[in-house]
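The values are calculated or read from the model by the stated rules, or taken from the named source; none is laboratory data. Note that this is a predicted model, so its numbers are computed, not measured. For neighbour counting, all protein chains shown are included, and Cβ atoms are generated from backbone atoms with ideal geometry for every residue, glycine included.
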Amino acid sequence: AQSVAQPEDQVNVAEGNPLTVKCTYSVSGNPYLFWYVQYPNRGLQFLLKYITGDNLVKGSYGFEAEFNKSQTSFHLKKPSALVSDSALYFCAVRPRGSNFNKFYFGSGTKLNVKP
Amino acid sequence: NAGVTQTPKFQVLKTGQSMTLQCAQDMNHEYMSWYRQDPGMGLRLIHYSVGAGITDQGEVPNGYNVSRSTTEDFPLRLLSAAPSQTSVYFCASRDTGFSSGANVLTFGAGSRLTVL
C-alpha cells in the first residue's frame, strides 16, 4: 500500500531560525514528490516538486526540499523562517506505476513561526 | 483566470439528504479529482477523472458518485448523506500534457460540509 508519513503534527520555530518539516514515503518505484501549503480557510497551494535530477529542489517563498532515495524522504527546509510561513504543510507523492493517476498526501504538519 | 471554482463553500445537511458539490475549472485540464480533508488524516482521494466520460475510484469512494460530461465540470454527489461524510472537500485539477506544470495539482478553495 502507498503511504506518506509526516511524523510531526506541529513544528515550532523562532523567526529567523532554519526550519525543517519531515516527510517519508512508502511508494513503489521512483515517485514524483511534492510539497503543498495551506493557509487557514484556503485551498492547497503548490510549493515545489521533485521529478528527477538534483536531489535539492528549490521552490516558492525561499523553500527547498531534499530528496533522499535511500531513506525515502523528502524533507522541506528553509534557511530563515518568517512569521508569515506559519501554515499547514502537506507532503504528497504521485507513483509512476499502476497508480500514476493518484496522489497520496501526508497528514499535514502545522508550522508555527514565533516572532 | 478563475482556476478551480467550488460551490457551495458551506453546507449543512441532515442524515439521508442528498446534495451535489460543484467543481469547475477554466484551464482546460483533462484531469480532475475530489479529496476530503479530515483532521489528522490529510487529504484522501475520493474519485478522479482523466477526461470527459472517464472516471475512476480513489481511496475512499463509498457514498460518493461522480460523472464527467464536460472537460470543465466534475460534480461530486452524495446520494444519502451520513455524519461520517462531515468534512472539507477539495476539488483539484492538473494538466496532463508535457508542460512543467503537468504534475502540479491546482486546488479549489474547498467546500465545508456538515451532516447532522
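See the values below:
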quantity: Residue in segment B:96-104 that is more than 11 Å from chain A (Cβ to nearest Cβ), surrounded by fewer than 20 Cβ atoms within 10 Å (Cβ to Cβ), under 23 Å from residue A:96 (Cα atoms) and modelled with pLDDT of 95 or more present; calculated: no
quantity: Residue B:9 vs. criteria of a type in the set (Lys, Arg), within 14 Å of chain A (Cβ to nearest Cβ), loosely packed, with under 14 Cβ neighbours inside 10 Å and in contact (Cβ under 8 Å) with a residue 24 or more places away in the chain; calculated: yes
quantity: Matching residues in segment A:42-63 - criterion: being away from chain B (no Cβ under 14 Å), over 11 Å from the mean Cα position of the chain (by Cα) and closer than 28 Å to residue B:112 by Cβ; calculated: A:61
quantity: Failed item in (1) within 13 Å of residue B:18 (Cα to Cα); (2) touching a strand residue (DSSP E or B) at 6+ places or on another chain (Cβ under 7 Å), with residue B:93 passing the rest; calculated: (1)
quantity: Any hit, segment A:57-77, residues being in contact (Cβ under 8 Å) with a residue 60 or more places away in the chain and more than 16 Å from residue A:5 (Cα to Cα); calculated: no
quantity: Flag for residue B:26 being within 12 Å of chain A (Cβ to nearest Cβ), on the phi < 0 side of the Ramachandran plot and surrounded by fewer than 16 Cβ atoms within 10 Å (Cβ to Cβ); calculated: no
quantity: Residue selected from segment A:96-115 under the condition of a type in the set (A, V, I, L, M, F, W, C) and in contact (Cβ under 8 Å) with a residue 60 or more places away in the chain, by the criterion farthest from the other protein chains (Cβ to nearest Cβ); calculated: A:113
quantity: Verdict on residue B:61 being touching a residue at least 12 places away in the same chain (Cβ under 8 Å) and in contact with a Cys (Cβ under 7 Å, 6 or more places away or on another chain); calculated: no
quantity: Meets criteria (out of contact with any Pro (no Cβ under 7 Å at 6 or more places or on another chain) and within 20 Å of residue B:106 (Cα to Cα)) for residue A:67; calculated: no
quantity: Of all residues making up segment A:14-44, the number that are part of a loop (DSSP other than H, G, I, E, B) and either surrounded by fewer than 20 Cβ atoms within 10 Å (Cβ to Cβ) or not β-branched (Val, Ile, Thr) (or both); calculated: 15
quantity: Those residues of segment A:60-99 which are among the aromatic types (Phe, Trp, Tyr) and surrounded by fewer than 13 Cβ atoms within 10 Å (Cβ to Cβ), in sequence order; calculated: A:61
quantity: Residue in segment B:50-58 that is away from chain A (no Cβ under 12 Å) and either out of contact with any helix residue (DSSP H, G or I) (no Cβ under 7 Å at 6 or more places or on another chain) or at pLDDT 95 or above (or both) present; calculated: yes
quantity: Matching option when the condition is more than 12 Å from chain B (Cβ to nearest Cβ), within 30 Å of residue B:111 (Cβ to Cβ) and outside any loop (DSSP other than H, G, I, E, B), among A:11, A:93; calculated: A:11
quantity: Test for residue B:16: is it part of a loop (DSSP other than H, G, I, E, B), at positive phi and without any contact (Cβ under 8 Å) to a residue 12 or more places away in the chain; calculated: no
